[in-house]
Amino acid sequence: MDQETQIPQPVNGAPSDPWDHVDPNAYASRNNNGSSNKSGFAVASLVLGLVSLFGICCCIGLIDIITIPLALTFGIISLAKKRRGTGLAITGIITGGVSLLILVTMLYIIWPLLPYAQDIVTDYTRLTREQDTVFPAYEETGELPDYLKKYTEEPFTSLFERYDATIYTIMDALLDQYKTRGSLAFEISYWIPDSSSLAETVSLTDSANISSGIFFIPEFASGS
């Protein structure tokens, strides 16, 4: 014999409410569990924003080209949809925006150097290999090696004037680093636009002490 569903009976003649026997905490718990998955965009925005700052600090510009737009986009989506993690989304937007500002400033500084980047990197690499010969001679006579004398002529003189520098102030800064550290060492990774390809990645490493530098020309030009 089938059991019939028991319906709550009215008390003292009052009509019964079919929802009286339902536990409201069960629905609250289910709602919370469903909304916990809605903070993904905010978390992603924060992580990508922090990665962008890390890329700026480590001079890994290629990472920022990807992470900055994503950090800003995910943060804005999270705020627009009013999802959980508002603080995370705002932090992601801020870190992504700061990274974008720094990246634009970097590009503005180094953009004039890009047409001559191949020559500069080649000559600097040769300089680091011959530093034990070049710098003692330069300190004694003030003469540049033959392959660096072209930087006393156009277009390099006008180029260095943008940074309030000359090849001699750059050499003086390099000489100070050579005397302080005992050697020059560096690592450079960047794009060199080329007519035959969209980009060429150059990565150079020399000696045990590495100072990374997409900024190495402006840094030396400023005498720091």
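Things to note:
- Members of the stretch 112-132 found to be within 15 Å of Asp176 (Cα to Cα) and out of contact with any Phe, Trp or Tyr (no Cβ under 8 Å at 6 or more places or on another chain), listed by number: Leu127, Asp132
- Output for the stretch 154-199, where each listed residue is under 16 Å from Asp119 (Cα atoms), surrounded by 17 or more Cβ atoms within 10 Å (Cβ to Cβ), modelled with pLDDT under 90 and aliphatic (A, V, I, L, M): Leu159, Ile188
- Any hit, the stretch 82-98, residues being modelled with pLDDT under 90, assigned to a helix (DSSP H, G or I) and in contact with a Leu (Cβ under 7 Å, 6 or more places away or on another chain): no
- Residue match in the stretch 113-125 (condition: part of a helix (DSSP H, G or I), of a type in the set (D, E, K, R) and surrounded by fewer than 17 Cβ atoms within 10 Å (Cβ to Cβ)): yes
- Odd one out for Tyr151, checked against (1) outside the structural domain of Ser78 (by TED's automatic domain parsing); (2) on the phi < 0 side of the Ramachandran plot; (3) surrounded by fewer than 17 Cβ atoms within 10 Å (Cβ to Cβ): (3)
- Tally of residues being over 20 Å from the mean Cα position of the chain (by Cα) and assigned to a helix (DSSP H, G or I) across the stretch 42-81: 4
The values are calculated or read from the model by the stated rules, or taken from the named source; none is laboratory data. None of these values were measured; they are calculated from a predicted model. Heads up, the Cβs are rebuilt from the backbone with ideal geometry, glycines too, and the neighbour counts pull from every protein chain shown.
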